[in-house]
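Notes to accompany the following structure.
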Amino acid sequence: MGKLDGKVALITGGNSGIGLAAARLFVTEGARVVLTGRNLATLNAAVEELGNESALAVQADATDPESSAKAVEAAIERFGKLDIVYANAGISAPTPVGDTELSTFDEVLRVNVTGVFFTVQAALPYLQKGASVILTGSVLAQAGRPGGSAYAASKGAVSSMTKVLASELSPRGIRVNNVVPGATRTPIWGQNTPEDWAKLEAGMSLSIPLNRLGEPEEIAKVALFLASDDSSFIQGTDITADGGAGAAPMGAPIYCLS
Ligand code: NAP
């Protein structure tokens, strides 16, 4: 028996990285999934892999509330209900102070914050008692990474919004929690070759006690926990999966060099 048998999940950004890993895991656990993103080719490839009975792809831009509403309607039309909303779509862009255009800063906030809120709002009329809403933060909300003001602010906002939404939706028996990944091996890092990845990992791992990047499947397992009834008493919280970088930074290899 799967942990998500009979459930229907909307996964924004389900065509890449963590969202795609979650789509695979959710389907393995018995769910049917509706995947959104802008890239039709990768959306179609995901459905081909997961199978037409289990997956539906909807091209939808998370910054456009109408588009999000249409994705939800397509999910209802196809599968008849919605139990899980995993607002995972997100972008990162450099926004160094002194050299950032308003449009770049705005775009990060529109995808990572406004898009998340309106995805949840679009799904809300269909969510019943026991539904689970999962948002996506980042350890970079707290890390002070240079050049990351918009991204950090956006993910800090998601963490704050998680608590407000949890309060608002608790009376309806809907849970809202926030998965907070550390550095995870996905296309968001823009690495193209194994050499690029090796270089990034060698640098990043120095600050991670477990001495490696996370894999998208490891973050997907946290989302599965929050999506399933295994987390039935967990509400309004952040769950971090970062190899210890935030909680025990002094265990990182950078502090162990002698
Ligand atoms: P990814 O592989 O680049 O995936 C990002 C996803 O978001 C893609 O599916 C992309 O699809 C979708 N997306 C971006 N803009 C969109 C828009 N306007 N409308 C709809 N979909 C959009 O990166 P990832 O690492 O899996 O990222 C997933 C989430 O994890 C993000 O929220 C990210 O901030 C967060 N996160 C990642 C890390 C990490 O190290 N990887 C760490 C902390 C947090 P399209 O391009 O087709 O639109």
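The values are calculated or read from the model by the stated rules, or taken from the named source; none is laboratory data. Predicted, not measured: the structure shown is a model, and the values here were computed from it. In this analysis, Cβ positions are derived from the backbone assuming ideal geometry, glycine residues included, and neighbour counts consider all displayed protein chains. Quick note on the areas: whole protein, heavy atoms, side chains included, nothing else; ligands and nucleic acids left out. Shrake-Rupley method; radii C 1.70, N 1.55, O 1.52, S 1.80 Å.
For the chain, relative contact order (Cα pairs under 8 Å, six or more residues apart, normalised by length) works out to 19 percent. Taking all protein chains as shown and a probe of 1.4 angstrom, Tyr255 keeps an accessible surface of around 130 Å².
What are the trypsin sites (Lys or Arg not before Pro) within segment 79-145 that DSSP puts in a loop, where the Cβ has at most 11 other Cβ atoms within 10 Å? Mind showing how you got there, number by number?
Working: sites: Lys81, Arg110, Lys129; in loops: Lys81, Lys129.
Those satisfying the criteria are Lys129.
Proximity of backbone amide H atoms, modeled 1.01 Å from N, is registered between Thr184 and Gly214 at under 5 Å, excluding neighbours fewer than 5 places apart on the same chain. Near Thr240, the amide H atoms lying under 5 Å from its own belong to Val180; only residues 5 or more places off or on other chains count, and H is placed 1.01 Å from N.
Amide H to amide H, with H built 1.01 Å from N, Ala89 comes under 5 Å of Thr12, Gly13, counting only residues 5 or more places away or on other chains.
What is the sum of charges around Gly243, taking Lys and Arg as +1, Asp and Glu as -1, for the other residues whose C-beta is under 15 Å from the C-beta of Gly243?
With Lys, Arg at +1 and Asp, Glu at -1, the net is -2.
Over the Cα atoms of the chain, the radius of gyration divided by the Kirkwood radius equals 0.96; this is the Rg/Rh ratio. If R0 is taken as 30 Å, the Cβ-Cβ distance between Arg212 and Glu77 corresponds to a FRET efficiency of 0.10.
Relative to the compact-globule estimate of 2.2 N^0.38 Å, the Cα radius of gyration of segment 132-258 comes out at 1.15.
For Lys129, the aspartates and glutamates whose Cα falls under 14 Å of its own Cα, not counting residues fewer than eight places away in the same chain, are Asp83, Glu168, Asp229. Placing Thr162, Thr104 in order of accessible area, with the largest value first and a 1.4 Å probe, yields Thr104, Thr162.
Annotation: per residue accessible area for the chain equals 48 Å², rounded to a whole number [probe 1.4 Å, protein chains only]. A 1.4 Å probe, protein heavy atoms only, puts the accessible area of Val164 near 80 Å².
The listed residues Leu40, Leu213, once ranked by accessible area (1.4 Å probe) with the largest placed first, stand as Leu40, Leu213.
Couplings 3J(HN,Hα) of segment 156-169, computed from phi: x, 5, 5, 4, 5, 5, 3, 5, 5, 5, 4, 5, 5, 9 Hz, in residue order, whole Hz [Karplus 6.51 cos²θ - 1.76 cosθ + 1.60, θ = phi - 60°; x for Gly and Pro].
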